[in-house]
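Step one of this worksheet: look at the structure below.
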Amino acid sequence: KAKHDGRGRFQLFAPFMDETVKLRGQIEDELRHALSDGQGLSVHYQPEVDAQSGKVIGLEALVRWNHPVRGPLAPGEFIPIAEESGLIVPLGEWVLAQACRMAVRLPDLFVAVNVSAVQLRTGNFVERVVGIVTAAGCRPGLIELEITESVLLDEESAAAATLHRLRDLGFRVALDDFGTGYSSLSYLRQFKVDKIKIDRSFINNLGSDAEAAAIVTSVVTLGHAMGLTVTAEGVENREQMDRLSDAGCNELQGYFFTRALPEDAVVAFIAKQTNFRNVA
Ligand code: C2E
Ligand code: MG
Ligand code: MG
Ligand code: MG
């Protein structure tokens, strides 16, 4: 992009771009390393709570990377690099394998896994997923695949066919970050999914912003009319939980319940069987 801004500006930004490119290259190498020896990578799990019963009914697997030198890196800092380099394919498969182990360990809960566009585009995605799930001894019905809308922008028909095959095999599919894409509604028509997850930007202002509340209510109505489960992400307080439950939202996820936790911590968290409807 900088090239189009004219020669002078390109030169001005060149040193900065060099540093960025260098850093990305380093992180890519380090991530490849981490994947080969499994050092520093882990999966944390954030509970998803049934809005009516207040019980945990599922978990979202979220990758974590504790870099030996740089310390903990947020997914936003390395997922894009993994996508550009193709490392998202082995990384995504590794996360899925961990998630399947968790699903076998807690068979009453579903486990949701984020799937990148890059993974969806690989020719043998369905076969790879089936292979990993089968090897883990996990039922496909326990695994939910989360796809973001932006992911689906290109090669839509191929992506739709892939998702269709996965649903036929018993996997559930969720549309993540719903409402932030360019054409959320046309996606809903084009891609048969089981669930929509309302992006947390709509949940943030639920108390103060009448428009955010109207959007949430409408999405719930729309989702239910289409026979879909509606989940809200980013629930941070009691008021949001109550408003979302009143609006008919089916599932809730957010820091109000807990942040994503390491495997053993989330198992302990679930064992306590907190009913969040009763939490003051
Ligand atoms: P996402 O799939 O929308 O996941 C939800 C993100 O929101 C997580 O951030 C979670 O920690 C955060 N979150 C949950 N509740 C709250 C809340 O109440 N308030 C706030 N402010 N945030 C909340 P995280 O773990 O940093 O992940 C960010 C994104 O990185 C994910 O967004 C997902 O798109 C991507 N990601 C994470 N793990 C994977 C993975 O294994 N594979 C792929 N392809 N992408 C991943
Ligand atoms: Mg997600
Ligand atoms: Mg999300
Ligand atoms: Mg999100």
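Tabulated data for the structure shown
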quantity: Which numbered condition Met241 fails, given (1) farther than 22 Å from Phe110 by Cα; (2) crowded, with 21+ Cβ neighbours inside 10 Å; (3) away from ligand 3 (no atom under 16 Å from the Cβ); calculated: (1)
quantity: Residues that are of a type outside the set (Phe, Trp, Tyr) and under 14 Å from the mean Cα position of the chain (by Cα), drawn from region 164-179; calculated: Arg172, Val173, Ala174, Leu175, Asp176, Asp177
quantity: Among residues of region 176-222, those that are touching a Ser or Thr at 6+ places or on another chain (Cβ under 8 Å) and either modelled with pLDDT of 85 or more or within 21 Å of Glu236 (Cα to Cα) (or both), counted; calculated: 12
quantity: Any hit, region 243-255, residues being closer than 30 Å to Ser42 by Cα, under 17 Å from the mean Cα position of the chain (by Cα), more than 13 Å from ligand 1 (Cβ to nearest atom) and modelled with pLDDT of 95 or more; calculated: no
quantity: First in region 231-259 and acidic (Asp, Glu), second anywhere and within 15 Å of ligand 4 (Cβ to nearest atom) and part of a helix (DSSP H, G or I), Cβ under 7 Å, 6 or more apart; calculated: Glu233/Arg200; Glu233/Ile203
quantity: Number of positions in region 84-107 that are out of contact with any strand residue (DSSP E or B) (no Cβ under 7 Å at 6 or more places or on another chain) and under 17 Å from Gln253 (Cβ atoms); calculated: 1
quantity: Positions within region 170-192 being open to solvent by less than 20 Å² (accessible area, probe 1.4 Å) and either of a type in the set (A, V, I, L, M) or within 14 Å of ligand 2 (Cβ to nearest atom) (or both), in sequence order; calculated: Val173, Ala174, Leu175, Asp176, Phe178, Leu188
quantity: Spans of helices (runs of 4 or more DSSP H) in region 89-204 with at least 3 residues more than 16 Å from ligand 4 (Cβ to nearest atom) and farther than 30 Å from Val220 by Cβ; calculated: 125-135
quantity: Answer from Ser201, Ser208 - the residue that is out of contact with any strand residue (DSSP E or B) (no Cβ under 8 Å at 6 or more places or on another chain) and under 25 Å from Val115 (Cα atoms); calculated: Ser201
quantity: Condition check for Glu77: open to solvent by 20 Å² or more (accessible area, probe 1.4 Å) and either within 16 Å of ligand 2 (Cβ to nearest atom) or without any contact (Cβ under 8 Å) to a residue 12 or more places away in the chain (or both); calculated: no
quantity: Any pair with Cβ under 8 angstrom, 6 or more apart, that starts in region 34-46 at a residue that is under 21 Å from Leu252 (Cβ atoms) and ends at one that is among the charged types (D, E, K, R) and in a helix (DSSP H, G or I); calculated: His44/Glu263; Tyr45/Glu263
quantity: Near pairs, Cβ below 6 angstrom, 6+ apart or cross-chain, from region 113-135 (free of Cβ contacts under 8 Å to residues at least 12 places away in the same chain and among the aliphatic types (A, V, I, L, M)) to any residue that is assigned to a helix (DSSP H, G or I) and open to solvent by less than 50 Å² (accessible area, probe 1.4 Å); calculated: none
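The values are calculated or read from the model by the stated rules, or taken from the named source; none is laboratory data. Nothing here was measured: the structure is a model prediction, and the numbers come from that model. Ideal geometry is used to build each Cβ from the backbone, glycine not excepted, and the neighbour counts take in all protein chains shown. Quick note on the areas: whole protein, heavy atoms, side chains included, nothing else; ligands and nucleic acids left out. Shrake-Rupley method; radii C 1.70, N 1.55, O 1.52, S 1.80 Å.
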